[in-house]
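A.B. asks: Pasting in a structure now, in structure tokens, and then I'll have a few things to ask.
The values are calculated or read from the model by the stated rules, or taken from the named source; none is laboratory data. These numbers come from a predicted model, not from an experiment. Because the Cβ atoms are built from the backbone with ideal geometry, glycine has one as well, and the counts that use them run over all protein chains shown.
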Amino acid sequence: MAPTKDQIRERLAAIAAPGGMKLTDSGALSDIVVTDGKVFFSLSVDAGQVKAWEPVRREVEEAVKAMPGVRSAMIALTAERAGGKAAPPPPARAPHAHGAPAGPAGVPGVKSIIAVASGKGGVGKSTTSINLALALRDLGLKVGVLDADIYGPSMPKLLAIREKPQTIGGTRLKPISRYGLAVMSIGFLIEEETPMIWRGPMVMSALTQMLREVEWGELDIMVVDMPPGTGDAQLTMAQQVPLAGAVIVSTPQDLALIDARRGVAMFKRVNVPILGVIENMSYFVCAHCGTRSDIFGHGGAEHEADRLKVPFLGAVPLDMIIRETSDTGLPVVATRPDGPHAKVYRAIAERLRDALAGPGAGRAAPIIVIEA
Ligand code: ADP
């Protein structure tokens with residue numbers, strides 16, 4: 001039997017906040033969420049006190065994990081300033097030279113981190129992320145996937161993963177290995193139905209934990225499936241992760257392109273180079289007769305990429321097989337490696353790899369500098 005909120009509070013009353021006050025009297029404790037033996041809550045503290053609180057956060061997490069009936073505990077430390085708003089994101093990074101990251105600390109062992117983003121949901125960003133990751137794997141690279149969509153994680157479904165990550169030494173998590181990829185998603189730790197009532201700062205903290213408290217091992221590329229949209233949360237997230245660059249997924253429709261433009265602008269604001277745009281659901285190939293139809297006016301994203309002076313990485317067709325494989329947890333690049341779809345993704349992966357390794361494109365140097 002999982003403990004109740006009150007039982008957890010009672011346990012926390014025995015832990016001291018920095019300065020000696022009872023944790024439960026410190027005002028830092030958020031509501032406690034217990035679902036199916038998994039416990040979540042946050043400690044909201046002043047931005048200047050985060051360091052002092054980190055050992056407390058660890059102590060709290062250990063204490064909660066040790067309670068009978070607790071299967072996992074995720075305790076987020078969130079820095080808040082007055083007015084309940086998230087702490088300001090760190091200053092934008094200046095583009096910097098190879099091997100000398102000036103922004104947030106990198107993830108040990110991980111050479112390049114790329115974000116796959118979209119201006120809005122439903123454009124196939126997650127489907128593209130996983131197939132791109134698999135295609136990069138096919139090029140002989142060691143690849144990890146971080147599902148950063150805390151509110152709507154896709155990787156459990158896209159990869160049909162139902163197991164829980166194992167812990168190492170009680171504090172660090174082992175990513176789940178699937179099709180040769182190291183994968184981590186908040187969806188592995190919580191049930192699909194869990195209401196995601198977390199506020200922005202908690203989301204940030206969960207992301208930081210998934211980056212830094214997971215044994216990613218040696219990776220050439222980590223593909224981060226970003227949450228859709230271009231709000232402050234995404235912006236902050238883009239700044240939390242030391243990104244080598246971003247890939248924008250867009251459908252050909254005008255509206256999506258407007259959104260994609262916002263995506264480009266967002267990364268530009270934080271000096272993250274745009275590695276390129278992928279047009280998804282670009283054209284339709286009839287499964288029966290093989291006829292290709294440009295039902296959405298194919299070419300829009302390519303044209304837009306040109307206009308924005310960002311590289312165009314390729315077009316992925318709208319195809320039943322991509323949808324079916326994606327929705328049944330059998331991504332097409334993994335399950336039909338010799339088919340035409342895998343070929344399309346691999347061509348995109350090659351262009352992406354070249355963009356990352358291209359002349360003058362150091363680990364985090366910009367490929368393209370967009371004029372203001
Ligand atoms: P997002 O991450 O942008 O919300 P998803 O990757 O979840 O989008 O895709 C949304 C839906 O579109 C899913 O049902 C997925 O299978 C489908 N889909 C994505 N890309 C394609 C494609 N190229 N052809 C057909 N269906 C696709």
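A.B. asks: If you go through the stretch 1-45 one residue at a time, how many are of a type in the set (Lys, Arg) and within 30 Å of the chain's Cα centre (by Cα)?
C.D. replies: The qualifying residues number 2.
A.B. asks: Looking at the structure I just gave you, is Gln240 away from the ligand (no atom under 16 Å from the Cβ), out of contact with any Lys or Arg (no Cβ under 9 Å at 6 or more places or on another chain), closer than 27 Å to Gly187 by Cα and not charged (D, E, K, R)?
C.D. replies: yes
A.B. asks: Also, quick follow-up: Filtering the stretch 168-181 down to residues that are in a strand (DSSP E or B) and in contact (Cβ under 8 Å) with a residue 40 or more places away in the chain, which residue is farthest from Phe40 (Cα to Cα)?
C.D. replies: Leu181
A.B. asks: Would you say Ala305 is in a helix (DSSP H, G or I), free of Cβ contacts under 8 Å to residues at least 40 places away in the same chain and aliphatic (A, V, I, L, M)?
C.D. replies: yes
A.B. asks: Restricting to the stretch 274-291, count the residues that are within 14 Å of the ligand (Cβ to nearest atom) and without any contact (Cβ under 8 Å) to a residue 24 or more places away in the chain.
C.D. replies: Summing the residues that are within 14 Å of the ligand (Cβ to nearest atom) and without any contact (Cβ under 8 Å) to a residue 24 or more places away in the chain in the stretch 274-291 gives 1.
A.B. asks: Still on this structure, I have one more. Would you check which residues across the stretch 340-360 are among the hydrophobic types (A, V, I, L, M, F, W, C), within 14 Å of the ligand (Cβ to nearest atom) and closer than 19 Å to Leu181 by Cα and list them?
C.D. replies: Ala342, Ile348
A.B. asks: Return yes when Gly299 is small (Gly, Ala, Ser), within 12 Å of the ligand (Cβ to nearest atom) and touching a residue at least 40 places away in the same chain (Cβ under 8 Å) and no when it is not.
C.D. replies: Criteria not met by Gly299.
A.B. asks: Only one of (1) acidic (Asp, Glu); (2) touching a Ser or Thr at 6+ places or on another chain (Cβ under 8 Å); (3) within 12 Å of the ligand (Cβ to nearest atom) fails for Glu304. Which number is that?
C.D. replies: Here Glu304 clears every test but (3).
A.B. asks: Please go through the stretch 321-339 and give me each residue that is farther than 10 Å from Leu158 by Cα, within 12 Å of the ligand (Cβ to nearest atom) and of a type outside the set (A, V, I, L, M), ordered by number.
C.D. replies: Across the stretch 321-339, the qualifying residues are Arg323, Glu324.
A.B. asks: Same structure, new question: Which of the residues belonging to the stretch 250-273 are away from the ligand (no atom under 12 Å from the Cβ), at pLDDT below 80 and buried (at least 22 other Cβ atoms within 10 Å of the Cβ)?
C.D. replies: Passing the criteria: only Leu257.
Per-residue answers, yes or no, for (1) of a type in the set (Val, Ile, Thr); (2) buried (at least 23 other Cβ atoms within 10 Å of the Cβ):
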{"residue": "Ile248", "(1), (2)": "yes, yes"}
{"residue": "Leu275", "(1), (2)": "no, yes"}
{"residue": "Ile322", "(1), (2)": "yes, yes"}
{"residue": "Val344", "(1), (2)": "yes, no"}
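A.B. asks: For the stretch 1-46: of the residues being at pLDDT 85 or above and among the polar types (S, T, N, Q), which is farthest from Lys65 (Cα to Cα)?
C.D. replies: Ser26
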